[in-house]
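Student: Take a look at the following structure, please.
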Amino acid sequence: MKQVLMLHGVNHNMFGLRDPAHYGSATLDDIDGRLRRLAAELGVAVQSFQTNAEGAMVERIHQAFHDRSDAVLINAGAWTHYSYGLRDALAMLSCPIVELHMSNIHAREAFRHNSVFADIVRGQISGFGVDSYLLALRAAVSLLANPAAAAGPTSSR
């Protein structure tokens with residue numbers, strides 16, 4: 001069975017309490033539950049990881065490299081906009097990576113418009129709330145079903 005790793009970034013443990021105008025009322029457990037249910041329908045397994053420590057996120061990405069994860073979904077939160085350490089760790093992966101955000105990062109503060117991951121991920125999904133996670137999982141599964149499409153950009157890896 002294909003293994004998809006869902007990486008939740010900084011402050012995501014506060015979903016359901018934090019800024020409901022941008023993030024809604026769903027908790028991280030709600031999101032992970034919906035991902036697991038959809039994964040079962042799609043015939044894949046999802047493992048979720050959340051941390052507020054950037055180094056721990058880098059270590060988990062390194063583990064995904066060693067485990068040869070089939071795909072990675074990442075909502076890095078604020079780290080998206082400045083963490084070159086996470087970017088470099090993600091760049092080591094050969095599997096498809098899908099970046100996602102619950103809010104539309106391009107309709108928010110200017111600093112959120114930039115993603116340091118953009119040139120190494122297969123694609124970005126933003127602005128659909130919890131559905132961004134489900135769309136990202138569907139995209140990853142589609143990429144896994146089509147290995148030629150899963151390779152994505154080759155100039156950055």
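What follows is calculated from the coordinates using simple rules that are stated; it is not laboratory data. Here the structure is a predicted model, which means the values were calculated and not measured. We place every Cβ from the backbone using ideal geometry, glycine too, and count neighbours over all the protein chains shown.
Student: Pick out, in residue order, every one of the chymotrypsin sites (Phe, Trp or Tyr not before Pro) in the range 55-140 that is DSSP loop and has at most 16 other C-beta atoms within 10 Å; say none if there are none. Write out the running numbers ahead of the final one.
Tutor: Numbers: sites: Phe65, Trp79, Tyr82, Tyr84, Phe111, Phe117, Phe128, Tyr133; in loops: Tyr82, Phe117, Phe128.
Answer by residue number: Tyr82, Phe128.
Student: Counting other C-beta atoms within 10 Å, and keeping those with at most 12, which DSSP coil trypsin sites (Lys or Arg not before Pro) do you find in the range 6-50?
Tutor: Arg18
Student: Here is a follow-up. At 15 Å minimum axial length over the Cα atoms and a Kyte-Doolittle cut of 0.5, report the qualifying DSSP H helices in the chain, or say none.
Tutor: Helices meeting the span and hydropathy rule in the chain are 131-145.
Student: A follow-up question, please. Build a GNM of the chain with springs between Cα atoms under 10 Å: which of His12, His66, His81 gets the top mean-square fluctuation?
Tutor: Evaluated over the chain, the most mobile residue of the options is His66.
Student: Could I ask something else about it? DSSP loop (so not H, G, I, E, B), at most 14 other Cβ within 10 Å: list which trypsin sites (Lys or Arg not before Pro) in the range 47-105 pass both filters. Working shown, then result.
Tutor: Details: sites: Arg60, Arg68, Arg87; in loops: Arg68.
Within the range 47-105, the qualifying trypsin sites (Lys or Arg not before Pro) (loop, at most 14 other Cβ atoms within 10 Å) are Arg68.
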